[in-house]
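The values are calculated or read from the model by the stated rules, or taken from the named source; none is laboratory data. Model, not experiment: these values are computed from the prediction. Glycine gets a Cβ as well: all are built from the backbone with ideal geometry, and neighbour counts include every protein chain shown.
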C-alpha cells in the first residue's frame, strides 16, 4: 500500500511540473548550483539528477586531471600554479586567464568548469530545470570550447584541415548517445530522450567509431641468411591532430618491432619513441618510416609491430595499433 502511494505521489508531482517540460522556462529551486568561490558546489550535486553523466565524468580523465600522481610530480607538488587553472578551473568562460578553483580541487575539471557561464548553467541544447539556465549555446559544439585549455591540440586540429569536414573534438571524444538527460524521479518521467554526449572524454572513443585511424604496415621485409631487415610505416589516417599531442605533461607513444621465434618468444626487438617536443609525432594524414634490422633469423617466423601510448611511470599502456608479418 505504501509503495502504491509513493508511486501516486510521484505521478502527481510529474503532472504538476509538466508545464516546465512543455515550455522553455526555468525556476531557481537550486540557486546554489551556480555559486562560485568558496561556495562552489561539488559535481555530486549535479549527479543527483544527471546520474548517467555524473558516473561517466567520475571515471574520466577530467575528474582525475588534478588528483593524480603524475600531475603532482610534474608540477613540483602543485607549486607550478599556472597549470592549475586548466586542471581545476572554476569556469572556462572568461575573457581573462582561466582561474583555478579554490575549493574541491580534487574534482579536477568538474561540471561547472565547463557549464557555468555568467551565473547560469548552459549546454549545447535548449533546456529548462530547477536552476538558472542560459539559452542554447552553439559554442559547446565547437572545438574552440576544448581549445580553451587544450591549446596545442586545438592549434594542430585547426592546421589539419579537419575544420572543413566539420569533425570536432566532441565528435571523436564525446560520442553521441540517445538518452534522458535526467535519471532522478520524478523528473525523468517528464523529460523525453534526446541526443546528448557521453562524458567519458576517452581518447579511444574515436577508435571505436572509425576503422583504423592509425595504421602500421610492413612495406618492405627482406630475409637473408642470418638477417631480417625491413621498413615499418606509421600512418595517421583519421586522427585530426598529431599523435602524440598536447602542450604539457608526459606524452610519449612507443613503437616496438619484435622478431618472434616459432614458439612466440621474442628473439630481438627495436623501439622508437614519438614525442611532440622532439618533432617526431605523426601529424594528421602524415607518415613516418622506421627501419629495422635483426640478426639471427634461424627458427623465426613472425615480425610484430605495436604502437602504444605510455604513461609517466610506464604503468599504463594503451595499444593504439598493431601489425603482424609472417616470414
Check: Out of 97, 42, 102, which single residue is in contact (Cβ under 8 Å) with a residue 40 or more places away in the chain, farther than 28 Å from residue 191 by Cα and surrounded by fewer than 16 Cβ atoms within 10 Å (Cβ to Cβ)?
Finding: 102
Next item on the list: Filter the stretch 135-166 down to the residues that are surrounded by fewer than 18 Cβ atoms within 10 Å (Cβ to Cβ) and at pLDDT below 85, then identify the one that is farthest from the chain's Cα centre (by Cα).
Entry: 135
Notebook entry, point to check: Out of all the residues in the stretch 57-67, is one or more in contact with a strand residue (DSSP E or B) (Cβ under 6 Å, 6 or more places away or on another chain) and closer than 18 Å to residue 98 by Cα?
Noted result: no
Item checked: In the stretch 176-199, residue nearest to residue 140 (Cα to Cα) [restricted to those that are part of a loop (DSSP other than H, G, I, E, B) and touching a strand residue (DSSP E or B) at 6+ places or on another chain (Cβ under 7 Å)] -> 198
Checklist line | residue 172 being at pLDDT below 90, assigned to a helix (DSSP H, G or I) and in contact with a helix residue (DSSP H, G or I) (Cβ under 7 Å, 6 or more places away or on another chain) | finding: yes
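Conditions (1) at pLDDT 85 or above; (2) in contact with a helix residue (DSSP H, G or I) (Cβ under 8 Å, 6 or more places away or on another chain); (3) farther than 23 Å from residue 183 by Cβ, marked per residue:
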position: 3; (1), (2), (3): no, no, no
position: 12; (1), (2), (3): no, no, no
position: 40; (1), (2), (3): yes, yes, yes
position: 60; (1), (2), (3): yes, no, no
position: 70; (1), (2), (3): yes, no, yes
